[in-house]
Amino acid sequence: MSQAPTEPPTSPAPPAPPAPEPPAATLDNSLGAIAKRLGPASVLAVLWLSLPALLGFALLANMEPVANWFSPKPLWQQVLMYIGVFVISAGFGLLPTYAQALFGGYLFRDMLLGVPAALAGFGGASVIGYIIARRLGREKVQAEFDRHPKARAVQQALVGRGFWPTLGIVTLVRVPPNSPFSLTNLVLATAGVSKRVYLIGTLVGMAPRTAIVVWLGTQIQAWADQEKPMWYLVAGIASTIVVLVVISHIANKAIERVTKGQASLEG
């Protein structure tokens, strides 16, 4: 009898390829769905948006007792303590930068000391915020950018055009006084801005409003100075606020022009 031919062994079927990512148009783009996709980055965004606002009012309401805690110490210790607290509290998103800059003017009563100290606090805090944001949210935020063409266009306007254009955009983003420091750290870091551009743009962009807010802090001390008429102090503060509003408007318009131009190129 002849032996029946045996069938050659078959290799196992290759695994099915993963299901393709649904296009952005079919994704659930509700706030809850986006927050779920972002994971830890969404939690960080909520904390960095809410905590500084709440704790900032507490600092502003207690500037005198906090300043009294600093006052007995030598000036150099006050400066180092101020910078250290600024770096930690703003870097971890606990206190807003405007409240701490205002407190610096109130504490030191000197622009030449208060402004550099506040900027040193800004710089250190921004580095901490950058590291935290990159480690917790870089990949998930990038995936979300890739799902939405308009968001991707904004990202390209931010990081896709070389050192100087990106530095210009980061600087403009930091200029407006209503730009939340911690939340902006999260956005810039997870969008792919390099650390060097991020730090330089932060310091340059925040310098004008920092100087203005520190000056306002020095004026709080002057309210008790009877040699200065009340109208003088009110007019000075009012004109300073007008300057902030004008600077903010110019910066926002410039950002809008850049992002619209990039979106038209992408579209």
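The values are calculated or read from the model by the stated rules, or taken from the named source; none is laboratory data. Fair warning: this is a prediction, and the values are worked out from it, not measured in the lab. Here the Cβ positions follow ideal geometry from the backbone for every residue, glycine too, while neighbour counts run over all protein chains shown.
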Checking S50 against (1) small (G, A, S); (2) surrounded by 15 or more Cβ atoms within 10 Å (Cβ to Cβ); (3) without any contact (Cβ under 8 Å) to a residue 60 or more places away in the chain, only one condition comes out false. Which one?
(2)
Which numbered condition S126 misses (of (1) in a helix (DSSP H, G or I); (2) hydroxyl-bearing (S, T, Y); (3) free of Cβ contacts under 8 Å to residues at least 60 places away in the same chain; (4) closer than 30 Å to Q219 by Cα):
(3)
Within the stretch 134-147, is there a residue that is at pLDDT 95 or above, more than 14 Å from G192 (Cα to Cα) and part of a helix (DSSP H, G or I)?
no
Residue satisfying condition, being small (G, A, S), modelled with pLDDT of 95 or more and surrounded by fewer than 17 Cβ atoms within 10 Å (Cβ to Cβ), within set G32, G114, G84, G39
G84
Of the residues E139, E144, only one is surrounded by fewer than 18 Cβ atoms within 10 Å (Cβ to Cβ), out of contact with any Cys (no Cβ under 8 Å at 6 or more places or on another chain) and among the acidic types (D, E); which?
E139
